[in-house]
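Throughout, read-outs are computed from the coordinates displayed, never taken from laboratory work. Because the structure is predicted, anything quoted here is derived from the model rather than measured. Backbone-built Cβ (ideal geometry, glycine too); neighbour counts: all protein chains shown.
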Amino acid sequence: MTKILDTIDKPGDLKTLTYSELKQLAAEIREELVSVVSANGGHLASNLGVVELTLALHRVYNAPKDKIIWDVGHQTYAHKIVTGRRKQFASLRQYGGLSGFTSREESEFDAFGAGHSSTSISAALGIAVARDFAGDDYHVVAVIGDGGITGGMAIEGLNQTGHIGTRLVVVLNDNGMSISPTVGAIARALDRIRFDHRYLVGKEKSKKLLKFLPLGNKVWRLGLQIESWLKDVSRPTRFWENFGFNYIGPIDGHDFKKLETALTRARNYTACPIVVHVITTKGSGYLPAEGDSVYFHGIPGTNGKANNKTIPTYSNIFAETILKLARENPKLVVVTPAMPEGNCLNVIQQEFPKRVFDVGICEQHAVTFAAGLATQGYLPVLAIYSTFLQRSFDQIIHDVCLQELPVVFAVDRGGIVGDDGKTHQGIFDLSYLSLIPNMIVAAPKDENELQHLLYTAVKSGKIMAVRYPRSQGLGVKMDTSFKEIPIGKGEILRDGNDVAILAVGSMVAAASEAAEKLALQGIETTVVNARFIKPVDAELIVDLAGRIKRIVTVEENTLSGGFGNYVDDTVRQSDLRDVIIRNVGLPDVFIEHGGQDFLRSKYGLDAAGIISKVLEIVPAGSSTKVVR
């Protein structure tokens, strides 16, 4: 039997289907989503929840002429399938394949690229204003989740949209979740709408009452007040009206007929911007995902490298370390912008629920909130992914570093993260953090050193960022007690006089492997675990440069402004001559999606790449005895 999905090559093919056929198509798309995402990894629950909404949007609107802007882009798998990319869908998140997010390079149906939250309304407003300038008549729709609407940028977008009054539709996909359950006052307001259906009764009574009131001005004003009162009692629509939006909803996001009716009304409404409030179930149609939408939000694929489950991740070690330190220090608190599970904070929340703050998708607020805590003698640890920390750059400068407020930044997912690709690679943090005065930046060589660096950061009373990768640890033996590491001091792991390799964080293991293989070629290598990117160990660098004369730096970060630049500057300022330096790192490009090991190999961030760079400056078999 031919699948309906096999007949869908473009959105226009959806418009001829009956509601019965649409229901069957939704089931077929869900089957394909589960199959591909289970193999490749990716965002499953969020995509399962928007299948009907996606189909309804493409039936009511005429993309790509009409512009549909998806917030974050992590819920667009069904959108990709019905916009001509089904044949490539099995390549999702694989090197050279489809992106796991929207990408303007990939398709004309992706009106705006995204991988971070809360950007859709601002982008949609820009497109709508450009449309008005050009005198065009296409429609613009922003699709944003209830988690995304909590972000400050989304509120800013609503504010400007309502002020201008531009014709624009905002579809609020409300499932009560971001990655974790949505938090904050806005979430509570949406909960009241989602679960209190008295609003429907109140609205109908209001209409009937006003219909029979005389039209005298005084009574009419009284009627408006009664309507307003009834609406306020039954539903907090004031939030949207105060922003200058009309409102439709709440709508069952899995009922095609209701969805299309609401979206058509919104499309035809021209008086002001309008919100369509859609209630969906995250993970809908797949019972495991419905039962645990947090786990199934983003899942690993079976195509990837198998993990040794006995080895904890760096995120696990971070959480366990901070839990121990929280037991010792009652003023230690943890702040995270909507990433408690990703940062493994559940273990801390269980013991100290009032000392872990999930502030929602609000990275800027998270940093300044932490700064405020620090002014009153508390010790905030901000647990955040590298890619999301970028969003709070000004707050790090203005609110933390300028005021010298001791905040510890636990920067997870530093370096190449792999399949999430360009929007999520954590490859800029060493550069943008190191350029800020009063900031200390460190990266551990393994999970054991991670716990010691975190302990050092907490004890230092200084502003310190500890950056660690998205991976399991190396399986090293863990010390049972913490020790402070001298700030700004590296360590020599191996001695040799032909070349010195100075490596940062995750690259230390690769440098050690390279040194062992270089020894087989007659090249003796000094391997340094730099540990600190800022301040660098200038004394050690100058000593090695003076004795060995050949240095290779290695970092899983963009070369521009990174660790290698600091080493170059240190050597140049020392007035040493005849020192040859090569820097290994990432080029000045956005790194595509693909497996972590594959991408590291492609960009020379493995033992083979380091060896190749060493051989540029040290011929094989040129070893001499170590000179002291």
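Region 321-340 and region 447-519 have their alpha-carbon centroids 22 Å apart. Here, region 500-550 yields an orientationally averaged convex hull projection of 3.4 nm² when only Cα atoms define the hull. Each label point was placed 7 Å from the Cα along the Cα-to-Cβ direction; for residue 517 and residue 402 their separation is 4.8 nm.
Using only side-chain charges placed at the Cβ, +1 for Lys and Arg and -1 for Asp and Glu, the dipole size of region 491-617 relative to its Cα centre rounds to 140 debye.
Sorting 317-329, 429-441 by their mean Cβ neighbour count within 10 Å, with the most densely packed peptide first, gives 429-441, 317-329. Output the pairs from 87/257; 80/257; 23/258; 477/602; 331/534; 331/462 with a Cα-Cα distance over 20 Å in this structure; if there are none, say none. The pairs that break the limit, which is 20 Å between Cα atoms, are 87/257; 80/257; 477/602; 331/534. Think of it as helices only: each DSSP H run of n ≥ 4 in the chain is worth -39500 (n - 2.57), and spread over all residues that comes to -11500 deg cm²/dmol at 222 nm. Volume of the convex hull of region 528-582 (Cα atoms only), normalised per residue: 76 Å³.
Note on residue 539/residue 577: beta-carbon distance plugged into 1/(1 + (r/R0)^6) with R0 of 25 Å gives a FRET efficiency of 0.85. Against the chain, whose longest principal axis comes from its Cα atoms, helix 538-548 is set at around 50 degrees. The charge dipole of the chain, taken about the Cα centre with unit charges on the Cβ atoms of Lys, Arg (+1) and Asp, Glu (-1), comes to about 1580 debye, rounded to the nearest 20. Over every Cα atom in region 327-369, the radius of gyration and the widest Cα-Cα span, Dmax, amount to 10.4, 29 Å.
Sequence-ordered 3J(HN,Hα) estimates for region 553-565 from the Karplus curve with 6.51, -1.76 and 1.60 and θ = phi - 60° stand at 9, 9, 8, 8, 7, 4, 5, 5, x, x, 4, x, 5 Hz, glycine and proline given as x. Given axes a ≥ b ≥ c from the Cα gyration tensor, I'd like to know whether region 425-470 is rounded (a/c under 1.5), prolate (a/b larger than b/c) or oblate. Here region 425-470 falls in the oblate category. The slack in the chain from residue 246 to residue 459, taken as 0.36 nm per residue of separation less the alpha-carbon distance, amounts to 71.4 nm. With each label modelled as a point 7 angstrom along the Cα→C-beta vector, the residue 308-residue 6 pair spans 4.6 nm.
A dipole drawn for region 407-535 from +1 and -1 charges on Cβ atoms has a positive end, and of 455, 510, 528 the residue lying farthest that way is 455. Computing FRET efficiency as 1/(1 + (r/R0)^6) for residue 479 and residue 376, where r is the C-beta to C-beta distance and R0 is 35 Å, gives about 0.60.
Sorted into 5 angstrom bins from 0, the C-alpha pair distances of region 1-52 split as 4, 19, 28, 23, 17, 8, 2 percent. Among 568-576, 99-107, the peptide with the highest mean count of other Cβ atoms within 10 Å heads the list, and the full ranking is 99-107, 568-576. For region 491-617, would you read off the P(r) tail past 19 Å as a percentage of all alpha carbon pairs? Tail of P(r) above 19 Å: 43 percent of Cα pairs.
The relative contact order of region 264-377, computed from alpha carbon pairs under 8 Å that lie at least 6 residues apart in sequence, is 17 percent.
In terms of overall dimensions, region 1-158 has a Cα radius of gyration and Dmax of 15.5, 50 angstrom.
Each of 309, 459, 80 has some number of other Cβ atoms within 10 Å of its Cβ, and from fewest to most they run 309, 459, 80.
Here the alpha carbons of the chain define both size measures, Rg and Dmax, at 27.6, 104 Å. Of all aspartates and glutamates in the structure, those lying under 18 Å Cα to Cα from residue 483, and not within fewer than 8 positions of it along the same chain, are 320, 328, 446, 447, 449, 491. For the chain, averaging the sequence separation of C-alpha pairs within contact (under 8 Å, six or more residues apart) and dividing by the residue count gives a relative contact order of 11 percent. First obtain the Kirkwood hydrodynamic radius of region 314-467 from its Cα pairs, then insert it into the Stokes-Einstein equation at 10 °C and 1.306 mPa s, and state the resulting D in µm² per second as a whole number. The Stokes-Einstein estimate is 105 µm²/s. For region 11-98, what percent of Cα pairs sit more than 20 Å apart? Of all Cα-Cα distances in region 11-98, 31 percent exceed 20 Å.
Scanning residues 5 or more positions from residue 171 or on other chains, those with amide H under 5 Å from its amide H are 142, 143, 144, 276, with H placed 1.01 Å from N in the peptide plane.
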